[in-house]
1. Over 13 Å, how big is the tail of the calculated P(r) for the stretch 440-500, in percent of all Cα pairs?
2. If N is the number of residues in the stretch 9-88, what value comes out of its Cα radius of gyration divided by 2.2 N^0.38 Å?
3. For the stretch 102-181, count the residues as N, evaluate 2.2 N^0.38 Å, and divide the Cα radius of gyration by that value, please.
4. Around His252, which amide H atoms from residues at least 5 apart in sequence, or from another chain, sit under 5 Å from its own amide H, with H modelled in the peptide plane?
5. Can you list the HN-Hα couplings for the stretch 159-175, worked out from phi with the Karplus curve (6.51, -1.76, 1.60; θ = phi - 60°), rounded to whole Hz and with x for Gly and Pro?
6. Run the numbers for Ile268 and Lys106: contour at 0.36 nm per residue of separation, minus the present Cα-Cα distance, in nm.
7. Going down the table (Lys356/Lys461; Lys126/Lys525; Lys461/Lys530; Lys533/Lys622; Lys267/Lys379), which pairs top 31 Å between alpha carbons?
8. If I take all pairs of Cα atoms in the stretch 42-128, what percentage of them are more than 23 Å from each other?
Amino acid sequence: MGNVTYPPEKIYIPSKWKRPNYDHIILWMLNNNDVCKWADFCKEPIEIPPGTLSRHLEALKRNGYAEKLSRGHYRITSEGRKEFHELSSPKGKTHKLIYPPNIILKSGRNYSHWILWMVYNNDYCKRSEFLEDPLSINQSSLSKNLSILIEKGFLIKKEGKYIITRAGKSEYSRMLQKYDLDRQTILEEEGKRIEEITNKTIQFFDCFRIKDKDIQFRFLNTILTLGYEKVKPILKDEAVFHKILLFLSINHPDNYPNFISPEDFSKIYKIKKTTLDYYITEISEGKIYPQRFFILPQPSGEQYYFKSDGKIERILRALVENNMTKVFYLNKLFSQSTQNDPTIDIESIVDGIANKSCEILFNADLKPALKQFLPEYIKYLAYKIKTRRKLKETYDKLEGIIWQSISDNFQLEITENMENQYEEQIKEIDKKIDLKPENLDLYYLKIRTLIYFNQYQEALKLLNNMLELFPESEKDIKLLTAVVHRRNQNIETGLKIINNLIQEFPNNNDLICYKAYWTYYLDNKEESIKIIKELTKIEPENGIYQDTYGEILMYFEEYDEAIKKFLKAMVIGIDDWYVYQTYIKLGICYKALEKYDLALKNLKEGKNLATKSKSDSETKLKWLTIADLFLAQINKN
């Protein structure tokens, strides 16, 4: 048995008539050992059968009670410790509850808010606890509100307990804004949210011996704004996500001259370099989150990252805006000519900003990198000002004129990655719409362009106009509106639109399929699987529905069952447009099950079919990138 600590006999052999609680046994092992190997659970004295062990470990991982560190190595999470103590507590022990403050209870019978507050501030709640004092919610109101919260994906019901989901926690934060809570209460509520995240990060720091307080602070600050949910559908291991954020936290200008290369980081922290490179690029370019990371490159190859809207960027932005406005005012004031706009000495401006920035923000050694960076950054700020909501006040109008002048004076070449590309594309599309205002496809093209450049509010405005112009396409336009809301992280709003469409078009099964997707976006596993399962019974020979069923199962890590659905989808639609995606998803499932030969075979076949597919190039590129990412991971094993 080596140094492994095993539970007392009463844990794994409770009695002759009672089955062992394998969740309790596994959590006991994980709680009382730093790390447990798969083999540790199969040895004497506990000897958990492999099939049973696999089922229970997967369930514990899905519920956030355990996490996989590496192949065959597991450890407990902070939520797992809570669950372990709950399972270890004496039977019949009182479940002590924390109740909402009076300001919430006395502001009206907003039962959904009471319920959200209860499940957020307690590990779980039972139905009877909502019926008792001080809440005393009546039966019918309780049933109605619980059903709504579960349908929206804010709660799940498990073994008679109501538990809040990640989406529910976000809704809880929004809910608090509606109450006039005092400063201390707000701090306490935010403290709970931070505590939940810091419990995980403390374990992460302990595991990888991250002791530098500045790095710890930057990491925590980043993880509070960049949620794991955005990357979870592809990046299943949250520990890998934490490593990616750690790389950004280490390679920060405040940490100069300390730096760790991607090659060294991948070796030390056991992360595939291809995975690290891919996500650092996607995050830094703002393709995953609204925030982006600016890069200061050094001649020797080091790259230092700082976040948009972070401390450094806010101060730098103030310095740049103040400097540019001052130069414009003075040039205008002392200009000898009233006919021409004043000239701006860009080089001296950049030099002045770099000098000031290196006095208060950056190490002086970063000045050359900063001077290279500033012209692009100034152009970025000019774009942000120009695309801001309509400038109403006199000063705002003047600010817009100043930045327009700045943009004109810099005369930088338009590159593929610059935001100016957005304006050019929109202008071209608008010209075509002016010539053919009845062409609906041109409007769809403009919507795709707006989504690509994250211009969600503009997309929603255009979609509202399209409803008036093309009432015969109401269903498709509203469905696209739901998609835009989802892309903008307003998933509940998108789901509401889809539910309304289902009522309006009750015989349209594709809308039911979309609802299955939306409920899994909200992490509502039971509802999502229930919907798609019923749909595949209604249309068993529809390959898209089988593929969707497989994708939902894959998302919830039920890989064996997902494989069955993907194989069925292939048989049904051997030549259909979606099959290349099915092969790639099948390969991902085999990779998760460590069946690498089958994973390689299906990923490669998916890539081959994708190159021949007539699907739009953007979708193909996305799936080819995903396939390459998983192929690189397998080839490293």
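Read the figures in this text as sums done on the coordinates, not as results from a lab. Only a predicted model underlies this, so the values are computations on that prediction, with no experimental measurement involved.
1. Numbers: 1047 of 1830 pairs.
Percentage above 13 Å: 57.
2. Numbers: Rg = 11.8 Å, N = 80, 2.2 N^0.38 = 11.6 Å.
So the Cα radius of gyration is 1.01 times the expected 2.2 N^0.38 Å.
3. Details: Rg = 11.7 Å, N = 80, 2.2 N^0.38 = 11.6 Å.
For the stretch 102-181, the normalised Cα radius of gyration is 1.01.
4. Those qualifying (amide H under 5 Å, at least 5 residues apart or on another chain) are Tyr305.
5. 3J(HN,Hα) across the stretch 159-175, in whole Hz: 6, x, 10, 9, 10, 6, 9, 4, 5, x, 5, 5, 5, 4, 4, 5, 4.
6. Working: separation 162, 0.36 × 162 = 58.32 nm, distance 5.44 nm.
Additional length available on full extension: 52.9 nm.
7. Working: Lys356/Lys461 41 Å; Lys126/Lys525 20 Å; Lys461/Lys530 34 Å; Lys533/Lys622 27 Å; Lys267/Lys379 37 Å.
Long pairs (Cα-Cα over 31 Å): Lys356/Lys461; Lys461/Lys530; Lys267/Lys379.
8. Details: 1693 of 3741 pairs.
Here the long-distance tail beyond 23 Å is 45 percent of all Cα pairs in the stretch 42-128.
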